[in-house]
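Below is one structure; the comments refer to it alone.
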Amino acid sequence: MVSDVAVDIAVLGGGNAGLCAALAARQRGASVLVIEGAPKTFRGGNSRHTRNLRSMHDAPTDLLIDAYTEDEFVTDLVRVTGGRTDEVLARRVVRDSAACPAWIRSFGGRLQPPLKGTLHLDRTNVFFVGGGKALMNSYYAAAERLGIGVMYDAQVTGLDMADGGIRSTSVRQPAAETTITAKAVVLAAGGFESNLDWLKQIWGDAADNFIIRGTPYNTGAVLRMMLDAGAQSVGDPSQFHAVAVDARAPKFDGGIVTRLDCVSLGIVVNRHGERFYDEGEDFWPKRYAIWGRLVAQQPDQIAYSIVDAKSAGLFMPSVFPPMAAASIGELARLLSLSPEALERTVAAFNRAVRPGSFDHSVLDDCRTTGLTPEKTHWARPIDTPPFWGYPLRPGITFTYLGLKVDERARVLMTSGKPAANIYAAGEIMAGNILGQGYVAGVGMTIGTVFGRIAGSEAGARAVA
Amino acid sequence: MLSPESLTEAQHVLTVCNACRYCEAYCPVFQAMETRTSFARGDVMYLANLCHNCGECLYACQYAPPHEFGINVPRVLAETRLASYEEYCWPAFMSGMFRQNGVAVSLTLAVVSMLALWPLVRSRDAVDDFYAVIPHDVMVGIFGCAGAFVVAALAIGFYRSRGPALSGPASGGPKRPALLDALTLRHLHSSGPDCTSDVDVRTPWRRYFHHCTFYGFALCFASTTVAAMYHVVFGWRAPYAYTSLPVMLGTIGGAGLLIGPLGLLSQRNRRDPKLGDPAQAGLDLSFIVMLLMTSVTGLLLLALRDRGAMPALLVVHLGFVLGLFVTLPYGKFVHGIYRTAALLTFSTEAH
């Protein structure tokens, strides 16, 4: 049986951007219904795995030191995206990021200075006490207090387009079908990174070996429907943000604990036991995001990080224990690598290491010479048992393809005109600002700022 | 005892937590965890006793059930705490009591105490004068022995809980006022206004009722101590006026010990059961019931001390007090001892 629901604002997606939109629309006086794809226990999209938000400020705040100015933030965005950013929208995000901490607190969200062990963020990023899921809990509790409705386990199965906008939205829950008629719709349903079929269309069978770090509910269904309905796209449809994660991680939802931080301390080999990239190119926080792609380009999309006992205690503990062995040959057998190949690679590496004074906190002078590829920092012979090995896979964080929007969060159609009553926020439109690359905490900033804009614009339209 | 499986489960949970660290700001458990890269038996028990079961980290956890990692820190640490009580227990053969110490056992002990006290009654129709019913020296003898045993057992437990070689950083001298943290229950609301009872449901009541219970207990203890000093040092004989110090302390304390346990009982039922260890329901309930019966009978005794029922009431009250006393080292009471010990350890770990 299909039931009909009429509401001022329908918000498709119950992550950070969706909840911010819902709350902002409600503050405008509109009635709001959030359609969340996940069941209640897994609500919150990828936001439940996040931990911080990047925020500009001209003077020290109670959470952040010094200043992080508008220009510096914009410069950072331009740098990491290689210029693939809409500067008008980027500047809007940056400017409005200053108000995000107060907005979060106004709904009971709790913030703290950066966690210990997170380098170089104490000037730029506020952290959520308990992480993104705790923040989502605060938003959902606030939504309930304010009378915002939430449908869980609810898949959007169709958008009925009419008059340049969405007339109604079809939603399926395990035991119900609902047609929602709304004066305006906010699209906040994320990217398509957990849609394995879609990934396969781009990456072929390699996609079978990808691990999805976040929610399995970001199928890109709403994104697909909008593109099919003539919305303008933004961002490279084939690209995703990926880091190297432990190959033993769950297929979905492994979140932060599956990451491995020991790459720069040792060597990384592929399944032929051969090195393929300079592990010591730069500080790990600046390089961890390239290793997802590097591993994705290796045969069978797998690689192995190998360190020796000298590195124990120098990196964040991983949730999976290392494969440990008393010899390189034995380690190779544990990792199902050719012992001869791995022994050859390690011996060649050890021979090429030049003497230096090891210091993991600076770009030190420990490097190899005469090796292809070289390791340019933190190169020390791998000679002290026990030897540790971690298998690596590409772990996909998010996809870049999205919907083009204007500064009022209105979705732009291929005609060049904004859709009549459709707004977008969060990952589904982050590609406008983040055409490629990433800088810590900016996803949550974009979601919060554009969630507020979208909710506010949609709410104002509905109650006008 | 902490089974190898339980230890492995606790270590799994702590390993996931230590690789995530999102909960760092909630409480000392996570701060102490982060100074370690592995978790030996002693570390797990230390962290378990450092946990105040405020509950925040379960709802914040991206890996909480039904996630396949199945992380429930409050539950696992609660289970470990019970095992640590058994491990630290003196004499060791009494450790089995923690899992058997239900309401029925405690009430039986109280009744047995009453039956044991009854033959000592000198006068069945005395009014106002408790010592006419049971002589002062007899009371001092019985409760002095029981008290000395309880203090010894708790002190040995405290010593044992501080004993395990912890793999954390060496002592850097007191960094935080651990006793103040214990007395204010700071970590029951360290991260925000109050501790949780469900997703985003935070109220101060659990802490308020705990304060009523603890300080009520302390005032009752003070009342008895002052009365003993009146008797022994100054030679002032009971009964003391309603406005006298021992009676005032006892009345206020008794009221706290009435309101506190009743409140804790109601809060218990409102709390998300996922936050606790169901195996400890009997342990919790029996302590609450014994405290409650002690205060109820004590207040009744005070109100009816000039009536004919006084001698019987006195025996009933003393029976509950004695029953409460002898179960202290083998019941919920020890949580205060071991948590304080853990806070002391935490305060001396260098951060």
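The values are calculated or read from the model by the stated rules, or taken from the named source; none is laboratory data. Computed from a prediction, not measured in an experiment: that's the story for all the values here. A quick note on method: Cβ atoms are made from the backbone with ideal geometry, for glycine too, and the neighbour counts reach across all protein chains shown.
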Next item on the list: Check segment B:23-34 and report whether any residue there is touching a strand residue (DSSP E or B) at 6+ places or on another chain (Cβ under 8 Å) and more than 10 Å from chain A (Cβ to nearest Cβ).
Entry: yes
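Matching residues to (1) more than 14 Å from every other protein chain (Cβ to nearest Cβ); (2) in contact (Cβ under 8 Å) with a residue 60 or more places away in the chain:
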position: A:A143; (1), (2): no, yes
position: A:A162; (1), (2): yes, no
position: A:R167; (1), (2): yes, no
position: A:D197; (1), (2): yes, no
position: A:I202; (1), (2): yes, no
position: A:A206; (1), (2): yes, yes
position: A:L227; (1), (2): yes, yes
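Among the candidates B:L50, B:L2, single out the residue that is over 14 Å from B:V73 (Cβ atoms) and either at pLDDT below 95 or touching a Pro at 6+ places or on another chain (Cβ under 8 Å) (or both).
Residue meeting the stated conditions: B:L2.
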Notebook entry, point to check: For A:F252, which of the numbered conditions (1) surrounded by fewer than 24 Cβ atoms within 10 Å (Cβ to Cβ); (2) in a helix (DSSP H, G or I) fails to hold?
Noted result: (2)
Notebook entry, point to check: Just wondering, is there one or more residues in segment A:5-15 that are assigned to a helix (DSSP H, G or I) and within 14 Å of chain B (Cβ to nearest Cβ)?
Noted result: no
Margin query: Which residue is modelled with the lowest pLDDT, if the candidates are limited to segment B:171-195 and must be touching a strand residue (DSSP E or B) at 6+ places or on another chain (Cβ under 8 Å) and assigned to a loop (DSSP other than H, G, I, E, B)?
Written below: B:G172
Next item on the list: Answer yes or no as to whether B:L264 is within 21 Å of B:C51 (Cβ to Cβ), touching a Pro at 6+ places or on another chain (Cβ under 6 Å) and touching a residue at least 40 places away in the same chain (Cβ under 8 Å).
Entry: no
Margin query: I need the full set of residues from segment A:97-123 which are surrounded by fewer than 16 Cβ atoms within 10 Å (Cβ to Cβ), within 14 Å of another protein chain (Cβ to nearest Cβ) and closer than 19 Å to A:G451 by Cα, in order please.
Written below: A:R105
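With at pLDDT below 95, farther than 26 Å from B:A25 by Cβ and not β-branched (V, I, T) as the only criterion, which of A:G117, A:G164 stands out?
Exactly one residue qualifies, and that residue is A:G164.
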Item checked: Boolean, A:D246 is on the phi < 0 side of the Ramachandran plot, surrounded by fewer than 22 Cβ atoms within 10 Å (Cβ to Cβ) and acidic (D, E) -> no
Checklist line | Residue check, A:R110 charged (D, E, K, R) and touching a strand residue (DSSP E or B) at 6+ places or on another chain (Cβ under 9 Å) | finding: yes
Item checked: Residue among A:A21, A:A67 that alone is away from chain B (no Cβ under 14 Å) and out of contact with any helix residue (DSSP H, G or I) (no Cβ under 8 Å at 6 or more places or on another chain) -> A:A67
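Hey, could you check segment B:35-64 for residues that are among the polar types (S, T, N, Q) and facing chain A (nearest Cβ under 9 Å) and say which is surrounded by the fewest Cβ atoms within 10 Å (Cβ to Cβ)?
B:S38
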Next item on the list: At least 3 residues that are of a type outside the set (A, V, I, L, M) in each: list the strands (runs of 3 or more DSSP E) lying fully within segment A:365-451 that qualify.
Entry: A:387-399, A:418-424
Next item on the list: Take A:E70 and decide whether it is closer than 15 Å to A:C100 by Cα and at pLDDT 95 or above.
Entry: yes
Margin query: Checking A:V126 against (1) more than 25 Å from A:R224 (Cβ to Cβ); (2) within 14 Å of chain B (Cβ to nearest Cβ); (3) in contact with a Phe, Trp or Tyr (Cβ under 9 Å, 6 or more places away or on another chain), only one condition comes out false. Which one?
Written below: (3)
Next item on the list: Provide a single number: the residues in segment B:239-287 that are within 19 Å of B:H210 (Cβ to Cβ) and among the polar types (S, T, N, Q).
Entry: 5
Check: Is there a residue being more than 22 Å from B:V199 (Cα to Cα), at pLDDT 95 or above, β-branched (V, I, T) and surrounded by fewer than 21 Cβ atoms within 10 Å (Cβ to Cβ) anywhere in segment A:85-96?
Finding: yes
Checklist line | Qualifying helices (runs of 4 or more DSSP H) (wholly inside segment B:1-81; at least 3 residues being outside the structural domain of B:R202 (by TED's automatic domain parsing) and under 27 Å from A:K40 (Cβ atoms)) | finding: B:4-20, B:56-60
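One line per residue, one yes/no per condition, for (1) outside the structural domain of A:R91 (by TED's automatic domain parsing); (2) free of Cβ contacts under 8 Å to residues at least 24 places away in the same chain:
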residue: A:A348; (1), (2): yes, yes
residue: A:T368; (1), (2): yes, yes
residue: A:E374; (1), (2): yes, no
residue: A:W388; (1), (2): yes, no
residue: A:G437; (1), (2): no, no
Check: Of all residues in segment A:145-157, which are in contact (Cβ under 8 Å) with a residue 12 or more places away in the chain and either within 27 Å of B:P65 (Cβ to Cβ) or within 9 Å of chain B (Cβ to nearest Cβ) (or both)?
Finding: A:I148, A:G149, A:V150, A:M151, A:Y152, A:D153, A:A154, A:Q155
Next item on the list: Give the residues of segment B:1-43 that are aliphatic (A, V, I, L, M) and closer than 30 Å to A:R110 by Cα, sorted by residue number.
Entry: B:A10, B:V13, B:L14, B:V16, B:A19, B:A25, B:V29, B:A32, B:M33
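Determine, yes or no, whether B:E68 is within 14 Å of chain A (Cβ to nearest Cβ), surrounded by fewer than 20 Cβ atoms within 10 Å (Cβ to Cβ) and over 22 Å from B:F346 (Cβ atoms).
Yes, satisfied.
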Check: Which condition breaks for A:Y390 when tested against (1) over 26 Å from A:T50 (Cβ atoms); (2) touching a Pro at 6+ places or on another chain (Cβ under 7 Å)?
Finding: (1)
Notebook entry, point to check: Would you pick out the residues in segment A:351-364 that are surrounded by fewer than 16 Cβ atoms within 10 Å (Cβ to Cβ) and in a helix (DSSP H, G or I)?
Noted result: A:R351
Note to self: If a residue counts only when it is within 30 Å of B:A19 (Cα to Cα), which strands (runs of 3 or more DSSP E) contained entirely in segment A:112-182 have at least 2 such residues?
What the structure shows: A:125-128
